[in-house]
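What follows is a set of notes on a single structure, which appears directly below.
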Amino acid sequence: MQITVHGTPTPLEGKEMTIWREAPAARVSNLDGSQNVIGMIAPTAQLLIAIPSLKTEVCSLGAKKFNDLIKQFKKLKTVMVTTDDPEFVNDFVAREGIDSAEIVIDTNRDFAKKFGLLITEGKLKDRLARAVFVIDQEGMISYVEVVPEITDEVDYDKCIEAVDKAANFKKKGHDHENWMGV
């Protein structure tokens with residue numbers, strides 16, 4: 001798979017994720033340096049947002065926009081993943097009031113490789129491609145967008161629509177009346 005960086009084709013390393021594929025578990029670092037695992041099955045739906053660098057205008061605006069858009073969802077875990085240094089990210093979180101999402105660092109590029117987002121060459125080598133993944137409570141990817149040109153933004157409307165479906169999903173089961181055939 002590949003994206004473009006200012007129009008230049010740039011390859012991505014890792015497994016390409018598709019809809020209705022099981023989300024892999026990826027090891028990331030919290031801002032305090034402790035380890036965390038994201039992806040896979042979870043008690044609530046998840047929105048994973050890959051951010052190339054919060055030091056750029058498109059990325060910082062996207063992080064702030066997602067922070068506002070997701071406030072309405074009570075049954076959603078949102079994680080923004082970047083490769084920026086923890087000091088900068090901590091300052092960004094405090095300065096911009098990021099309070100609806102957790103921001104983690106892909107220190108060992110485990111997330112990048114497992115979700116097929118590792119940029120392998122050029123000036124953004126070892127950074128993440130811009131992408132979003134919606135994962136339902138069963139651990140299945142229900143929405144994927146890897147932005148073809150890294151300087152473009154994600155389709156917020158489509159992503160939030162997918163989040164709404166995943167966060168408000170009711171498990172199919174039977175209630176007493178259905179089981180009794182009434």
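In terms of the Cα gyration tensor, with a ≥ b ≥ c the square roots of its eigenvalues, is segment 36-76 rounded because a/c is under 1.5, prolate because a/b exceeds b/c, or oblate? Provide the component values of the computation, followed by the final result.
Details: a/c = 4.05, a/b = 1.52, b/c = 2.66.
Verdict is oblate for segment 36-76.
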**OP:** Work out from phi, with θ = phi - 60° and the Karplus expression 6.51 cos²θ - 1.76 cosθ + 1.60, the ³J(HN,Hα) of each residue of segment 126-133, listed in order in whole Hz, and give x for Gly and Pro.
**Re:** 6, 9, 8, 6, 6, 7, 9, 9
Original post:
Hey, what's segment 1-87 come to in accessible area per residue, 1.4 Å probe, Å²?
Top reply: 50 Å²
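Which peptide among 108-121, 2-15, 76-89, 30-43 comes first, and what is the full order, when sorted by highest mean count of other Cβ atoms within 10 Å? Present the calculation step by step, with values, prior to reporting the outcome.
Details: 108-121: 20.9, 2-15: 14.8, 76-89: 18.9, 30-43: 13.3.
Order by mean packing, descending: 108-121, 76-89, 2-15, 30-43.
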Original post:
Rounded to a whole number of µm²/s, how large is the Stokes-Einstein D of segment 58-115 at 10 °C and 1.306 mPa s, given Rh as the Kirkwood radius over C-alpha pairs?
Top reply: 131 µm²/s
Original post:
What is the Cα coordinate range of segment 90-162 on the first, second and third principal axes, sorted by size from largest, in whole angstrom?
Top reply: 33, 30, 25
**OP:** Stick to the Cα atoms of segment 13-99, pair each with every other, and give me the Kirkwood hydrodynamic radius in Å at one decimal.
**Re:** 14.3 Å
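Which order do peptides 99-105, 69-75 fall in by mean Cβ count within 10 Å, highest first? Please report the intermediate quantities before stating the final value.
Numbers: 99-105: 18.1, 69-75: 14.3.
Put in order of decreasing packing, that is 99-105, 69-75.
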Original post:
HN-Hα J couplings of segment 107-112 from phi, Karplus 6.51/-1.76/1.60, θ = phi - 60°, integer Hz, Gly and Pro as x?
Top reply: 4, 9, 6, 5, 4, 4
Original post:
Thr78's amide H: which non-local residues (gap 5+, or another chain) put their own amide H closer than 5 Å, with H modeled 1.01 Å from N in plane and none for Pro or chain starts?
Top reply: Leu47, Glu102
Original post:
Say the cut-off is 32 Å between C-alpha atoms; which of Lys123/Lys158; Lys65/Lys114; Lys74/Lys125 go over it?
Top reply: Lys74/Lys125
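The values are calculated or read from the model by the stated rules, or taken from the named source; none is laboratory data. Keep in mind the model is a prediction, meaning the values are calculated, not measured. Here the Cβ is made from the backbone with ideal geometry for all residues, glycine too, and neighbour counts use every protein chain on show. All accessible areas refer to the heavy atoms of the entire protein, side chains included, with ligands and DNA or RNA removed. Shrake-Rupley method; radii C 1.70, N 1.55, O 1.52, S 1.80 Å.
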